[in-house]
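Accompanying notes for the structure given below.
No value in this document is a laboratory result; all are computed from the given coordinates. These numbers were taken from a predicted model, which means no experiment stands behind them. FYI the Cβ positions are ideal-geometry reconstructions off the backbone, even for glycines, and counts take in every protein chain you see.
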Amino acid sequence: MFSDDELVPISALQHLVFCERQWALIHLEQVWFENILTTQGKILHERVDEAEREVRGDVIIVRSLQIRSLQLGLIGKADVVEFHETKDRRDAIRFKDQPGWWIPFPVEYKRGKPKIDESDKVQLCAQALCLEEMLSINVHEGALFYGTPHRRSIVQFDQGLRSNTKQYIDKLHEMTEAQMTPPASYRKRCTNCSLQDYCLPKTTDGQNSAQAYIDSLLADLGRKRDDSV
Ligand code: SF4
């Protein structure tokens with residue numbers, strides 16, 4: 001069991017799956033640069049956050065739901081959790097102010113199209129694992145909604161995805177404890193990375209942290225200034 005101050009953000013998983021160095025730059029070195037991709041993603045999230053809980057026929061929609069797991073050491077917010085009405089009570093919950101039985105179905109909103117890596121699925125699965133602990137039921141599936149094209153992609157929380165997600169969560173805690181920024185390694189993904197101007201992956205490939213690179217540049221500048229006095 002983790003304590004409250006050991007919980008790590010669920011949203012960090014997507015950065016870790018995409019690139020361990022990106023995760024470290026954002027979460028350890030506190031660097032964040034917005035590019036068109038992150039800006040579009042933020043606008044999409046703001047639209048989701050603006051709405052409130054509502055009932056649409058046989059679906060209850062809860063937005064911006066605070067979730068956490070003390071077993072996995074995770075905390076975060078689910079964009080949307082739909083609760084689908086069911087006649088089968090297995091893995092369903094009841095609401096105080098709403099008759100019937102309801103099955104949770106997390107939905108995460110993402111800009112762009114489905115990714116090649118499994119970062120979005122891992123993030124969604126982590127949300128499902130938190131809901132399972134909080135509600136004491138199994139959560140079998142959810143969905144990723146992509147901005148372009150406007151459509152949902154159903155995600156089954158099967159054993160393979162659960163196992164991968166738990167491995168990434170373990171890695172997240174391990175790296176948080178180690179407080180180390182991995183060296184850059186230039187890959188195709190770097191062209192879509194919001195931090196590439198800071199990370200300089202082609203320049204720092206295999207070298208130390210981006211902060212160390214900036215520090216060395218500043219040190220060089222300082223030396224040049226001293227030489228010119
Ligand atoms: S530029 Fe490449 S190596 Fe650097 S953080 Fe982004 S994805 Fe990782």
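Quick rundown of the values:
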read-out: Cubic angstrom per residue, convex hull over Cα atoms of the range 4-183; value: 129 Å³
read-out: Alpha carbon centroid spacing (whole Å) that separates the range 106-129 from the range 147-173; value: 6 Å
read-out: Dimensionless Rg/Rh of the range 84-124 - Kirkwood Rh, Rg from C-alpha atoms; value: 1.18
read-out: Protection-proxy order for peptides 13-26, 93-106, 64-77, each taking the mean of Cβ atoms within 10 Å per residue, highest first; value: 13-26, 64-77, 93-106
read-out: Taking Tyr168, Tyr186 and counting other C-beta atoms within 10 Å, the order from fewest to most; value: Tyr186, Tyr168
read-out: Nitroxide proxy distance, nm - points 7 Å out along Cα→Cβ at Lys77 and Arg187; value: 2.9 nm
read-out: Between the range 72-91 and the range 179-198, the alpha-carbon center distance in angstrom; value: 34 Å
